[in-house]
Amino acid sequence: GGPRLLYVMQEAKHFPSKSTLQRNKKIPQLIVSIDMPTDEDIYNNISTMLGARPPPEDPSVGQNLMIDGVANEEVPRFIESNNSVAGFCREHSSKIKKTIDSFADLERLRTLLNAGNIHYSKDGTMFALAPVTGSKDYYPTSVLLSGSCKAETGEQIAKLVRRFIRIYNNHPMGQARHGPILQFSTDGESSFRSAHFENCLKETVTPGASILSELPGLNSKCGPDNIIGTCDPKHIMKR
């Protein structure tokens with residue numbers, strides 16, 4: 001894969017080169033949240049990432065909100081576009097100034113890090129959306145990325161999920177274009193499981209919302225707007 005495969009396809013099938021693609025196709029850029037994701041971060045990422053994606057053929061099939069942790073290299077990184085440092089955990093550094101106006105700002109961050117007041121990000125918490133099913137454009141789109149030291153509780157993750165869904169539902173590039181979020185899926189990590197209980201087992205499915213709701217013995221618990229919690233297929237097969 002990568003540049004070598006592109007070069008082979010360019011020679012064999014006359015595919016456009018990497019430089020041609022970069023000049024002619026604008027690639028949407030996901031905004032990395034260097035603190036606890038703000039409403040503005042979420043709104044702008046939905047605009048950028050879902051605005052560039054064609055809507056499903058049938059938006060009523062709904063979207064699956066997938067959340068997972070991506071292992072990070074535990075080093076800081078300078079983001080030139082907003083003159084700030086990324087790579088710290090949102091749990092303990094969200095109220096810390098990370099814009100760099102002088103060398104003293106770097107020294108202050110180093111002192112806090114060495115004292116254990118803030119931490120490097122061990123995981124990048126990634127939110128992605130994909131249609132529940134479909135024959136075209138059936139792939140996930142990243143919509144949120146934020147660093148974590150894994151100290152966050154399930155209740156805190158659940159609050160972030162609820163805030164994301166609220167902003168998505170009211171965004172012109174959200175529910176109106178791509179359909180409602182009907183599923184919330186993660187792996188079996190403990191804080192994610194707790195977030196499932198918080199968001200997906202607090203209400204009873206609306207009678208008549210699905211033929212499944214009438215089946216005796218079926219777990220009829222769900223979240224607001226009948227959202228249900230699930231796991232990705234790989235972790236279901238493990239069990």
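The values are calculated or read from the model by the stated rules, or taken from the named source; none is laboratory data. Worth saying up front: this structure is predicted, and the values here are computed from it rather than measured. All Cβ positions, even for glycine, are placed from backbone atoms using ideal geometry, and neighbour counts span all protein chains on display. To get the accessible areas, we keep the full protein, side chains included, count just its heavy atoms, and leave off ligands, DNA and RNA. Shrake-Rupley method; radii C 1.70, N 1.55, O 1.52, S 1.80 Å.
Side notes on the structure shown:
- Among residues of region 5-29 that are free of Cβ contacts under 8 Å to residues at least 12 places away in the same chain, those with a Cβ under 8 angstrom from a residue that is surrounded by fewer than 11 Cβ atoms within 10 Å (Cβ to Cβ), sequence gap 6+ or separate chain, pair up as 16/24.
- For region 39-65, a tally of residues being open to solvent by 60 Å² or more (accessible area, probe 1.4 Å), out of contact with any helix residue (DSSP H, G or I) (no Cβ under 7 Å at 6 or more places or on another chain) and over 29 Å from residue 2 (Cβ atoms) returns 4.
- Number of positions in region 46-73 that are among the polar types (S, T, N, Q) and within 19 Å of residue 134 (Cα to Cα): 3
- Every condition in (1) touching a Lys or Arg at 6+ places or on another chain (Cβ under 8 Å); (2) closer than 21 Å to residue 151 by Cα; (3) not acidic (Asp, Glu) is met by residue 84 except one, and the failing one is (2).
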